[in-house]
Amino acid sequence: MTTVTIILGVLVVLLALAFVYQLRVNKKQQEEAADLLKDYQRRLDEQQRLFDEYQRLEKNFDNVGKGYEKALLAFDKLEEEKQTLVEVKEALLKQVQELTEANKQLREENAVKKG
């Protein structure tokens with residue numbers, strides 16, 4: 001019986017050591033899993049930050065594009081107004097020239113009538 005007791009005692013000790021070893025391995029795996037989860041969450045947060053920054057840049061780019069488009073439209077409108085003003089100026093200069101000639105003719109006719 002003592003041999004059986006010794007074998008059972010050794011077996012119990014070996015099972016206890018295996019159980020302790022299994023607990024350590026299990027704890028280490030849980031810590032590694034927690035580290036992997038933190039790393040994964042950090043990468044997700046980084047990707048979300050990059051995505052948010054991309055959306056912000058895209059929005060700014062769209063705003064710049066719209067601003068550029070508005071500036072071009074305003075420039076076109078100013079060009080049209082400039083052309084209109086040039087035409088009005090030319091018409092006024094023509095009228096001034098015609099009035100000057102008419103005034104000159106009237107003065108000549110007045111001078112002839114007086115003279």
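Quick rundown of the values:
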item: Given (1) under 15 Å from the mean Cα position of the chain (by Cα); (2) of a type outside the set (A, V, I, L, M, F, W, C); (3) open to solvent by less than 100 Å² (accessible area, probe 1.4 Å), index of the condition Asp76 fails; result: (1)
item: Filter result (part of a helix (DSSP H, G or I) and loosely packed, with under 10 Cβ neighbours inside 10 Å) within segment 1-18; result: Thr2, Thr3, Val4, Thr5
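For every residue, the table says whether it meets (1) at pLDDT below 90; (2) open to solvent by 100 Å² or more (accessible area, probe 1.4 Å); (3) touching a strand residue (DSSP E or B) at 6+ places or on another chain (Cβ under 7 Å).
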site: Asp39; (1), (2), (3): no, no, no
site: Asp62; (1), (2), (3): yes, no, no
site: Glu81; (1), (2), (3): no, no, no
site: Gln105; (1), (2), (3): no, yes, no
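The values are calculated or read from the model by the stated rules, or taken from the named source; none is laboratory data. Model, not experiment: these values are computed from the prediction. Reconstructed Cβ throughout: ideal geometry from the backbone, glycine too, with neighbour counts over all protein chains shown. Each accessible area value is taken on the protein alone, full model and side chains, heavy atoms only, with ligands, DNA and RNA left out. Shrake-Rupley method; radii C 1.70, N 1.55, O 1.52, S 1.80 Å.
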